[in-house]
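To keep things clear, I will list the structure first and then write my remarks on it.
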Amino acid sequence: MNAASPSKARYIMIGGFLGAGKTTAVSRLAARLSARGLRVGLITNDQGANLADTALLRSRGFATEEIPGGCFCCRFNSLVEAARNLTASTRPEVFIAEPVGSCTDLAATVAYPLRRLYGAEFTLAPVSALLDPVRALRILGLEPGPAFSPKVAYIYKKQIEDADLVVLNKADLVDAARLECLRAALASAYPGKEIHTVSAREETGLDAWFDRLTRDEQTARNAMEVDYAVYAEGEALLGWLNATVQIAAPGGTFDADRLLAWLAAEIQRGLRTREAEVAHLKMTLSPDGGVGGGIASINLVRNDAVPELAFHLEDPVVSGQLIVNLRAEAAPEDLAAVLRAALALLPRTFPGLSAALEHLEHFRPGKPNPTHRIACLPGSRAFRPF
Ligand SMILES: Nc1nc2c(ncn2[C@@H]2O[C@H](COP(=O)(O)OP(=O)(O)O)[C@@H](O)[C@H]2O)c(=O)[nH]1
Ligand SMILES: [Mg+2]
């Protein structure tokens, strides 16, 4: 993998805001590398536990470790441990890590410490920030539409500033003129930043970006300045909900796609009523004892979008586990109320179906407190910001 140092594994971080398409891109890159005969290990991360992304990536056959309970920067040692777990089981030549979508300052708190402390084990690829163009056009004030508060927008913009590669994803969603408008605004606001335009889903524009990730090393530069008070307040404006629900149709079957579509629409209705802008609603339905790891999955990334089924289950399901990951600018209790109200309506729409809530956590992300922060390379001293 690394022509210069074949003994080192490559470490690739694909960041970006909630719903930008990170997991889709991770899965595309992992598939391409696996097809080239490389061993790949994936690392997912969340503020809570039970990530839909982990279920999804494992269902695609990828060795995946999940770091729950905090972002990479604050759980740096767990990140290294996750890499070691994967090394013990799969000996990956390439790690692909997806940081939490509300996280920023990855260069100083993850990439530089990895280089400084574990440079003998890893080669660091340039760090990417993926953007959903519709969301980015709104955040940068180029188009009207439901938006987030300024402190959430602060994190969004800091993610762009922090990245080595800015990747305009979902190029298939907007026309060339809107894409060009966004690209020009980014080039002017972040001079010199390398910008790629891709569609992870349609697999366009990926070659040039993936080449950078698989061939090149991150260039050391001074890390950006971050106001950790604003960053913490921005993260705390986002409500987080993770739930697992056991769904069963005793004596019968149900259509997983229809169930997910209905539930996503109900949750969307509840969020709109509360004027809570969704960042990302992601749900998966894994049939019990599923053969071949088939899974259904649905996403909603804006209140004014239509929930999208990303993976379908053709066959009817007898019972299965539903994972709900919901992130929105709202009080966590409101998110729990929205989910409970939707589940309460379920038997009316799907007679005979039972839904048992097995796990529910809802919270605001805690104050970011990185294990390490290295503001520049080389020759700087590691220091903690607090
Ligand atoms: N139209 C379009 N949708 C995409 C593309 N990439 C990802 N998505 C969709 O965006 C939603 C969020 O994707 P996901 O990979 O889960 O985003 P993450 O939160 O950044 O990991 C899903 O519905 C994806 O199918 C793309 O290139 N084009
Ligand atoms: Mg994801």
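Brief remarks on what is shown
- Of the numbered criteria (1) within 16 Å of ligand 1 (Cβ to nearest atom); (2) at pLDDT 95 or above; (3) of a type in the set (A, V, I, L, M, F, W, C); (4) not in a helix (DSSP H, G or I), the one residue 72 fails is (2).
- Criterion (open to solvent by 30 Å² or more (accessible area, probe 1.4 Å), closer than 18 Å to residue 129 by Cβ, within 24 Å of the chain's Cα centre (by Cα) and not aromatic (Phe, Trp, Tyr)) met by exactly one of 173, 237: 173
- Complete set of residues in the range 36-69 that are among the basic types (Lys, Arg) and either within 14 Å of ligand 1 (Cβ to nearest atom) or in a helix (DSSP H, G or I) (or both): 58, 60
- Those residues of the range 226-281 which are of a type outside the set (A, V, I, L, M) and within 16 Å of ligand 2 (Cβ to nearest atom), in sequence order: 240, 242, 280
- Residue selected from the range 157-179 under the condition of a type in the set (D, E, K, R) and closer than 11 Å to residue 197 by Cα, by the criterion nearest to ligand 2 (Cβ to nearest atom): 170
- With respect to the stated conditions, residue 319 is outside the structural domain of residue 125 (by TED's automatic domain parsing), over 18 Å from the mean Cα position of the chain (by Cα) and open to solvent by less than 50 Å² (accessible area, probe 1.4 Å).
- Verdict on residue 80 being away from ligand 2 (no atom under 16 Å from the Cβ), touching a helix residue (DSSP H, G or I) at 6+ places or on another chain (Cβ under 7 Å), touching a residue at least 40 places away in the same chain (Cβ under 8 Å) and not acidic (Asp, Glu): no
- Wholly within the range 228-319, strands (runs of 3 or more DSSP E) carrying at least 2 residues that are under 23 Å from residue 359 (Cα atoms): 239-248, 278-287, 296-300
- Members of the range 136-157 found to be surrounded by fewer than 22 Cβ atoms within 10 Å (Cβ to Cβ) and not hydrophobic (A, V, I, L, M, F, W, C), listed by number: 138, 141, 143, 144, 145, 146, 149, 150, 151, 154, 157
- For residue 219: the one exception among (1) open to solvent by less than 60 Å² (accessible area, probe 1.4 Å); (2) among the hydroxyl-bearing types (Ser, Thr, Tyr); (3) away from ligand 1 (no atom under 16 Å from the Cβ): (1)
- Looking at 104, 123, just one residue is more than 16 Å from ligand 1 (Cβ to nearest atom) and within 21 Å of residue 26 (Cβ to Cβ), and that residue is 123.
- Test: residue in the range 60-80 that is farther than 25 Å from residue 242 by Cα and either out of contact with any Cys (no Cβ under 9 Å at 6 or more places or on another chain) or surrounded by fewer than 24 Cβ atoms within 10 Å (Cβ to Cβ) (or both): no
- For the range 83-99, taking the residues that are out of contact with any strand residue (DSSP E or B) (no Cβ under 8 Å at 6 or more places or on another chain) and without any contact (Cβ under 8 Å) to a residue 24 or more places away in the chain, the one that is surrounded by the fewest Cβ atoms within 10 Å (Cβ to Cβ) is identified as 88.
The values are calculated or read from the model by the stated rules, or taken from the named source; none is laboratory data. Not measured: the values here are computed from a predicted model. Cβ coordinates were reconstructed from backbone atoms using ideal geometry, including for glycine residues, and neighbour counts include every protein chain displayed. Keep in mind that these areas ignore ligands, DNA and RNA; they rest on the heavy atoms of the full protein, side chains included. Shrake-Rupley method; radii C 1.70, N 1.55, O 1.52, S 1.80 Å.
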